[in-house]
1. Just name the residue that is farthest from residue A:367 (Cα to Cα) out of those in the range A:309-343 that are touching a helix residue (DSSP H, G or I) at 6+ places or on another chain (Cβ under 6 Å) and near RNA strand B (Cβ under 10 Å from one of its atoms).
2. Looking at this structure, is residue A:444 loosely packed, with under 14 Cβ neighbours inside 10 Å, assigned to a helix (DSSP H, G or I), within 14 Å of RNA strand B (Cβ to nearest atom) and at pLDDT below 90?
3. Would you tally the residues in the range A:191-210 being more than 16 Å from residue A:224 (Cα to Cα), assigned to a loop (DSSP other than H, G, I, E, B) and either touching a residue at least 60 places away in the same chain (Cβ under 8 Å) or more than 7 Å from RNA strand B (Cβ to nearest atom) (or both)?
4. Failed condition for residue A:483, given (1) touching a residue at least 12 places away in the same chain (Cβ under 8 Å); (2) part of a helix (DSSP H, G or I); (3) within 16 Å of RNA strand B (Cβ to nearest atom); (4) within 21 Å of residue A:401 (Cβ to Cβ), with all others met?
5. Can you find, within the range A:355-372, the residue that is farthest from residue A:341 (Cα to Cα) among those that are within 14 Å of RNA strand B (Cβ to nearest atom), part of a helix (DSSP H, G or I) and among the hydrophobic types (A, V, I, L, M, F, W, C)?
6. Scan the range A:153-175 and report the pairs whose first residue is under 26 Å from residue A:216 (Cβ atoms) and whose second residue is part of a loop (DSSP other than H, G, I, E, B) and more than 8 Å from RNA strand B (Cβ to nearest atom), with Cβ atoms within less than 6 Å and a gap of 6+ or a chain change.
7. Going through the range A:34-52 one residue at a time, which ones are farther than 22 Å from residue A:199 by Cβ and part of a loop (DSSP other than H, G, I, E, B)?
8. Answer with yes or no whether residue A:454 is in contact with a Leu (Cβ under 7 Å, 6 or more places away or on another chain), surrounded by 14 or more Cβ atoms within 10 Å (Cβ to Cβ) and within 21 Å of residue A:378 (Cβ to Cβ).
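The values are calculated or read from the model by the stated rules, or taken from the named source; none is laboratory data. Keep in mind that what you see is a predicted model, and the values were worked out from it rather than measured. Don't worry about glycine lacking a Cβ; one is built from the backbone with ideal geometry, like all the others, and counts go over all protein chains shown.
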Amino acid sequence: MTADPVRVRFAPSPTGMLHVGGARTALFNWLFARHCGGTFILRIEDTDRARYDARALDDISASLRWLGLQWDEGYEIGGPCGPYVQSERTAIYLQHAQQLLDSGHAYKCYCTPDRLAAAREQQQRDGSAPGYDRACRDLSPDARAAHNAAGAPFVIRFRMPLTGATTFVDAIRGAISYPNAQQDDFVLLKSDGFPTYHLANIVDDHLMRISHVLRGDEWIPSTPKHVQLYAAFGWQPPVFAHLPVILAPGGGKLSKRHGAAAVCEYRALGYLPDALVNFLALLGWAVAADNEIVPRAQMLKEFTLEGINKTGAQFDHEKLNWMNGAYIRQLPLAEFMREVTPFLTNAGVLKGAEDPAQVAQVLQMEQARVHLLSDAPAACAFFFADTLEYDRQAVKKVLQREGVRDHLLAVCDLLAGVPPGQFDAAHLEARLQEYLTRSGRPLKNVVHPLRVAVTGRSASPGIFETLVAIGQARVVQRLTHAAGQLCSAP
RNA sequence: GGCCCGUUCGUCUAGUGGCUAGGACACAUGGUUCUCAUCCAUGAAGCAGGAGUUCAAUUCUCCUACGGGCUGCCA
């Protein structure tokens, strides 16, 4: 059993965009497969025709690829156990349902949805345990024949043992046991001919030789059903490992109300895939390290099922943002530029005519200052803007003061007089120092007004580098403008 | 209602039958001869509660509380 090759799968339903919870499940499967030298499979569970969404399919594939969780077998790429889309495997499920019918492990149920709904309502009123009342479990052969002759629609239900208990060992939680009397005669095949999750999942996991099932812990209560199904088929069940849930900040379900929930939204906000993967990996799993920025190679090396937590983990955006910033700072400049440029272009900050050297200069300074790529437009706009937007607070506090105008004009002359070949940080600093010595002013008193005048804000990268990146002509123009405004101001 | 799972700083977590219960985010303070950011240092902050087992429990058992899941011809 331990000699069997490790084969795991991520098996999403295409009913919506891939959420971070699903991504984390995919990630753990991927990590486990890669750690063991096993196979990672992507299977599409699209048996719910009512909730099917074709766009979700594209999103799942694109999001997984963006995260770098490439699968070895499955959807879009095929493999020896295909097809990997359940709606293309209906004949297989039908055949297996028939097999259980023949062996007496299943039976046809002719109850109408209306009757079941009414029964459920009644049970709720009574306060009795909800569940199928097994009306069709022991139908006489005559009654069955009559239903069949009438062409009555039916579903196929599993004949659950009525006594005893079903026990299985979860790799993360240990032994878990359910009384069988608690279990329903659940549906295997719906009246539209499609299988339910339970049937399709077990048949596929077996046929695809899945060795370990890592899935969300909302599946724990279904696992005894699955164990009974394996037994009915006479198959060896895989190892089960139920992953803790990801909770919203403050607890509760993660949804759009708490910010982004879908992977594609994180992408659009300017998170790096490596950062999101690192963050998600640490939700429910920990590495032995005092540093939480863990390269993927190290995660692969150290990932084990035993290291996975039992407790649900809250999604902390603050920590993700910090981590994303850390990953951005780690990037070589060229790569950072490649990643961030689309954000600057889309926001209209870069129009394509900028000097590449100037852009590089600006981005080098801003790389340590942004947490998300989408922070970059607001952070960089003043370097490239034709007309500056001034922060009113900063203007009031820093510029509208006694003597500031004269200093601004003096510095403007000073900067205008710098030979173009010497408009660099070292020369600018030296020139300004000279001026300070002459005027007997502390550096602060000149730097702050200068910053507000040329950037419009009270915070920016180092002033000399900033002046250089803005460019001599623009600096002079902005200083002239600012001084002019102060002249006309009261 | 029934069944099942869970509970270490605000958050993510490490950890052991005996330790000053460790790290990270966030927070606070200080430093990095211009702001902001980065970076560095320091600080505050935790074993849900109650019984038991034991020389000794955060660690083992039980109960309670709280949180979560399932209870569909959804997955």
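1. So, considering only residues that are touching a helix residue (DSSP H, G or I) at 6+ places or on another chain (Cβ under 6 Å) and near RNA strand B (Cβ under 10 Å from one of its atoms), the one farthest from residue A:367 (Cα to Cα) is A:320.
2. yes
3. 6
4. Just one mismatch for residue A:483, condition (3).
5. A:365
6. A:157/A:185; A:158/A:185; A:160/A:183; A:160/A:185
7. Selection gives A:37, A:38.
8. For residue A:454, the condition - in contact with a Leu (Cβ under 7 Å, 6 or more places away or on another chain), surrounded by 14 or more Cβ atoms within 10 Å (Cβ to Cβ) and within 21 Å of residue A:378 (Cβ to Cβ) - is met.
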